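**Student:** Before I ask anything, let me first share the structure, which is written out below as structure tokens.
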Amino acid sequence: MSALQLAIQVATRKRDEESRLVAQAMRKLQGAQAQLNQLHAYADESHSRWSAQTGRVLNPALMAHHYQFMDRLRHATGLQDGVVLQMNRQLEAARKHLMAAECRLAVLEKVLEKQRLLLQKKQDQREQRQTDELASRRLETHIFFSNREVLT
């Protein structure tokens, strides 16, 4: 196995690993986004329940508790926004690494194909030279025997 073929195998494994990392980053992003969506849905539901009680006299301690709860929920949502943003960054970085690995692999495969074509061209030239030599020898033999017949 040539060094170039070995390099292609290594580059293929690297590309496959980068592809796996992209898929993993996508799953993480989807999970983080799902958690964020759940937080938003829960906040909306809590706000709707609280709004449904408009017009009723509520205990100030209960109102304070609700506002504190909603503040914590907004804080958690903000933190999860940061997680989603970080997961997006990681996904983009993984995609860039995958693209670089795919480019390296493509370049190596192109070099291998160029070498293969060059070797094929040399082989074709060698075969053509052999065919030309054989034809030349046959022509010389034919001329030799033709001249012999004329002399006899």
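Coordinate-derived values only; no laboratory data. It should be emphasised that the depicted structure is a prediction, and the values quoted were computed from it without experimental measurement. Neighbour counts are summed over all protein chains in view; Cβ atoms, including those assigned to glycine, are modelled from backbone coordinates with ideal geometry.
**Student:** How many residues does the stretch 18-70 contain that are acidic (Asp, Glu) and either surrounded by 14 or more Cβ atoms within 10 Å (Cβ to Cβ) or in contact with a Gly (Cβ under 7 Å, 6 or more places away or on another chain) (or both)?
**Tutor:** Counting residues in the stretch 18-70 that are acidic (Asp, Glu) and either surrounded by 14 or more Cβ atoms within 10 Å (Cβ to Cβ) or in contact with a Gly (Cβ under 7 Å, 6 or more places away or on another chain) (or both) gives 1.
**Student:** Looking at Gln115, Gln80, Gln35, which one is polar (S, T, N, Q), in contact (Cβ under 8 Å) with a residue 40 or more places away in the chain and closer than 30 Å to Leu6 by Cα?
**Tutor:** Unique residue meeting the criteria: Gln115.
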